[in-house]
Every structure is written in C-alpha cells, then in structure tokens.
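Okay, structure first, notes after.
Every number in this text was worked out from the coordinates using simple rules, so none of it is lab data. Keep in mind it's a predicted model, so treat the numbers as computed, not measured. Counting neighbours? That spans all protein chains shown, and the Cβs are built from the backbone with ideal geometry, glycine included.
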Amino acid sequence: MNDTLDNDLTTYVPSEHHILCVDDEANILSALKRMLSLEGYQVSTCESGKEALELLKTHAFDLIITDLRMPEMDGIALLKEIKLLYPQMTRVMLTGNADLESAKAAINDGEVYKYLSKPWDEPETFVVIKEAILLTLKLRDQESLNETVSSLEGRLHEYFVTTIKIFSNLMEIRAPKLLAHSKNVAYLSSQTAKLLGFNEEEVQEIYISGLLHDIGKIGFSDRLLRTSAFDLPHSDFEVYRKHPSFGFACLKSLDRMKNIAATIRAHHEQIDGEGFPEGLKGEDIPKSAQILGVVETYFELMEGELTGSSMTSMQAIKALYAQGDKAFDRSILDKFLIAAKKMALNVEQQITSPPPQATKANTPEPAAALSAPNKTNEASTKPSSYRPGRGEDPAKKDFTFKILSALVNTYSGAKIDDRRDEKSGFLWVYSGSKRSDDNQKLDDWLNKNGFIYDNKLSGWYYPFD
C-alpha cells in the first residue's frame, strides 16, 4: 500500500473524526487521548479487546489504534476480528521496539495498515493518523459506490423485465394466439439452447427472443394477422417477410436487447441462403437465430401456418429433418428433437399423474381437469365444472386444452376437432390407426379419463354435464 493517500478526497477536519484507542495501560491511554484531543480529534478509550468490541457495536469510528500486547485478547487478534466485522475501518498497531517483528508480520498479513512505535513521535503519528482516516473515508466511498451501482443494476433489471412485459402485452392485445405461440417457441428454444451448451445468460436471451420474435407483426393489419402465411397473396407476403426487420427496429435501441434484436431479425434466415429478410447463409446467421428458426417452424407446421393444414408433432419433425443441412443445421435439429420429446413427455406426465386431493387449503391442479369422476362419490357429489369444456375458468380451460393438444400431437395420425363453441358441440379426439400400439395407448388414456367412444364417427368425445 502507498505511504501517502490522495488528500483531495475530502476537506480534512480532525474534529469530524472519531478515534478508538485500546491499551491495557491507563497511562498510555491517557497520553494518547490528551495528544489527539489537543489536535481536535474525538477520542474514546478501552482497556481491553473485549471492551472495544462491545463499544463498536454501538459506536462508529474512523480509526482504531491498539497496543500489541494485552491480556486475554492481544492486538493482532482484536484487529483480525475488527477486520472481519468492520472492514472499512482502518487499523493501526501500537508497539514497543521489542515487538517490531510481530507488528511487521501483522502488516504483511494484511490485518494492519501501519504500526507506531513506543515512545511515538508526535508529528509522524499525526501524519499516519491522517493517512489512515483518509483511507477509511476512501473505503467507505467505494462501498457506497458499489451499493449505488448494485441498486442501479437492480433498477435496470426491473426496467428490462417491465419492457418485456409491455411488448408481451402489446402482442396479446393485437393477437392473443400470437402470444401463446410465442411462449411455446420461447420455452422449447431455451431448452434446445441448454442442450447445445449455451450458458445461462445466453439461454435467457434466447428465451426472451422466442417470446418477442413476432413483435414485428403487431403493426400488421387485422386481415394480415388473421391470415396464415400459406394463404397470403404475393403482395401481402412481401409485407409479411419484413416482420423480422420490424421486430429488430423495435428493440435495437435498447442496450440489453441488442443480441435479442439481432436474433429476432435473423430467425427466418436459412443456412442455404433461401431465408429472409437478408438471405444470410451458414455461419452468418447467429446460432441463437438458427435455434429459433427450427423451433418456430416446428410449431407453425403443427398450427398449419406454413402448409394450410396442421401436422402432428411427428409429421412436423419429419418435415424439419427433410430440410436438414439445407434450411437447418442438423446438429441443432438433433438437440431440438431431444428437447421436443422431453417437452411432450413432461406434458403427458402432467396430464396422467393422479389429481391431488382437494382440501379447504388445496384446490385441484389444472392437470386434474381431464380426470374421470370418482365413481364412489358420483351419486352424492355434484359433477365438477372443472373439465375441458364450457363454463369453467377460462385460464384453466386454456391450459387443459393446450396440454391435451400437446399430448395428442405426439401420436401419429391423431388429431383434435374442437367444437365446444358450437351449440351442443363436443371436444372430439380422433386417435388414428388402431393398428398402432402407440395409438392404442392414447385410446386407453382417453377412455380412462372420461372420454366416450362414438363407433359411428370413430372418435372420442367428452360428455359435458
């Protein structure tokens, strides 16, 4: 540490600073107090380390000066304790000539700023004391600055989260289906990124990119928003191809959104250069955008956005692999496939797990909505309206239908025909080929969870009460 400190840190007035002196010899304490008080310092004294620690619990000091040799707790032990509890308070050792080596060792260990010899030289002592107090002030200023920076970082994070929520709310206002689609893309993209070895911050950025990847569509007309890309006329498709650039323009000016904005701009690019809006190729496309492109295409294929008719999960995956090494990086496809299977498995487990028992403090989880009524209580209990149909809480209805849809899409040839909004309409599920053992599992599940099979229509429907 330098022998001198920058004296311009503050206007130095001795009377504004409080010094604690510790020594088991009363005459030494008296001499120190007299000398320092005459210079203008506020001085407190203690005759033991234990007494000093008790005083420090209720009083703040800019400097402590302690003798090396004291009974019970010596000066080195006291200063180590003070360093741990009050690291911003500078520590000075007072020692006789016989103990100089011990005092130097304490300095080398980083526990002590400097040492003063007995008998002390007053001018030299005042210089050391001033430098030590200036060091304390500097350390406190640094701590205050660190706290301010931490506070600002916390506020910036809050603003960042608020910004994301505002954009999400705009999407929900313009097109609720757009936000639901984006949440699915965000989740599966982040899981794929984890499998590819992205770090935590990068995974978070990819999740946010997925959540906001279609933010550029909020400026579309209502007609354009309602029309799938497959059905767009050529003139409208040219506008549609610009939505990644519109999204980039919305976010690029926000510092913490720069990587996210770049990912959104490139998420429709393809490694063969046939994508849009810029026709980038291969490694020119950010890896995060390539992940987003794979995942969004997967969901758009199942939603019928790209082909005019919806695909099952397996059909969509086959279509993606057909474009491997052309539109999509095959190494990303392989990790995406693992993530997609895990997502489907988690959804299926969520649906098929036994519903928790309802108590006064515990209501059924959304996954219980598709469970068959308890036969032993059927006669005495009013049928629950907590079902995948009309009349239930909209949020629960939306959740249960989503997870049912995710489950059905994992079976080849299976599909849902949702007619709940029609008069006396049912929620229909068609499980596909009976020759498939997997599809027989879906039949068994539907039967177990309250669906009824209609032989004439070869489909399952849910009976509303």
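Can you tell me the FRET efficiency between residue 447 and residue 187 if r is taken as the Cβ-Cβ distance and R0 is 41 Å, rounded to the nearest 0.05?
Numbers: r = 30 Å, r/R0 = 0.73.
Here the calculated transfer efficiency is 0.85.
Checking every one of the trypsin sites (Lys or Arg not before Pro) in region 254-290 against DSSP loop status and a limit of 10 other Cβ atoms within 10 Å picks out no site at all. Amide H contacts for residue 459 (H built 1.01 Å from N in the peptide plane; partners 5 or more residues away or on another chain; cut-off under 5 Å): 454. Listed values for region 45-53 are Karplus-derived 3J(HN,Hα) couplings in whole Hz (6.51 cos²θ - 1.76 cosθ + 1.60, θ = phi - 60°), namely 10, 9, 9, 7, x, 4, 5, 5, 5, and x replaces Gly and Pro.
Whole-Hz Karplus values for region 257-264 come out as 9, 4, 5, 5, 4, 5, 5, 5 Hz, taken residue by residue from phi with 6.51 cos²θ - 1.76 cosθ + 1.60 and θ = phi - 60°; glycine and proline positions read x. Note on 122, 300: ascending count of other Cβ atoms within 10 Å places them as 122, 300, the fewest first. For region 27-82, which trypsin sites (Lys or Arg not before Pro) pass both filters: DSSP loop (anything but H, G, I, E, B) and at most 11 other C-beta atoms within 10 Å? Qualifying residues, ordered by number: 57. Near residue 270, the amide H atoms lying under 5 Å from its own belong to 275, 276, 280; only residues 5 or more places off or on other chains count, and H is placed 1.01 Å from N. Calculated FRET efficiency, residue 319 to residue 454, Cβ-Cβ distance, R0 = 30 Å: about 0.45 to the nearest 0.05.
Counted by neighbouring Cβ atoms within 10 Å, the residues 90, 58, 307 run from fewest to most as 58, 307, 90. Structure note, pairs 217/281; 177/258; 183/252; 252/342: Cα-Cα distances above 29 angstrom occur for 252/342. Remark on residue 410: its backbone amide H falls under 5 Å from those of 313, a criterion applied only to residues 5 or more positions apart or on other chains, H modelled at 1.01 Å from N. In order along region 189-195, the Karplus-derived 3J(HN,Hα) couplings, from 6.51 cos²θ - 1.76 cosθ + 1.60 at θ = phi - 60°, round to 5, 5, 5, 5, 4, 4, 5 Hz, and Gly and Pro are given as x. Here the simple spin-label model places points 7 Å from the Cα toward Cβ, and for residue 278 and residue 26 these points are separated by 8.3 nm.
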